[in-house]
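To start, the structure under review is shown below, and the notes come after it.
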Amino acid sequence: MSRNSASNTRLEPARIKTALAAACLLAASALHASPLPHLPDFEAVGSGTLRFFGLRIYDATLWSPGGVWSAGHPYALELVYARSFAGGAIAQRSIEEMRAQRPWPEATLARWERAMRALFPDVEKGDRLIGVRMPGAGATFYSGTRKLGQISDEAFADAFFGIWLAPATRAPELRAQLLKSP
């Protein structure tokens, strides 16, 4: 064995460690990367899982600029579904959750449900829906990175994102995980 090949053999474990460390850093940065390319400064605030009678429904992650959430600033909520649901069922359940938080006029809820039914696709396990809240512009929805559409109604956007983020949410544990609060 030549001197060069002996020294290369001794360096091999160091190279492996360096490669593993780089791979870990890339994986960690991917976990904190924005879910949408046009929102590169968005970082994860918190995440959690919604379960119903023990069944995993979806994993949720809240994203905001710099990873600091404020209701009055832009943010995004990403849901990665653990099972299949019809888009109409997602819209209907969203209305039920909005209704549970405060009394809305039925005509308003009906209008919002029609708008969501027109936007929300059926989802399969692993599908990702993202709602982006831009104050003053309502809510924009994406399936992965494909834009589904926008609902410009500010009251709708507040009520919709309130399903997860309002103090009156019916999922307070998930809210605490999203907001990283005790």
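Structure notes:
- Of the residues Val80, Val123, the one with the fewest other Cβ atoms within 10 Å heads the list, and the complete ranking is Val80, Val123.
- When peptides 53-64, 95-106, 151-162 are sorted by average Cβ neighbour count within 10 Å, with the highest value leading, the order is 151-162, 53-64, 95-106.
- FRET efficiency for the pair Arg102 and Leu179, taken as 1/(1 + (r/R0)^6) with r the Cβ-Cβ distance and R0 = 30 Å, rounds to 0.90.
- Tensor-based shape of segment 116-182 (alpha-carbon gyration tensor, a/c under 1.5 rounded, otherwise prolate or oblate): oblate
Values in this text are rule-based calculations from the coordinates and carry no lab data. None of these values were measured; they are calculated from a predicted model. Every residue, glycine as well, gets a Cβ built from its backbone with ideal geometry; the counts of neighbours run over all protein chains shown.
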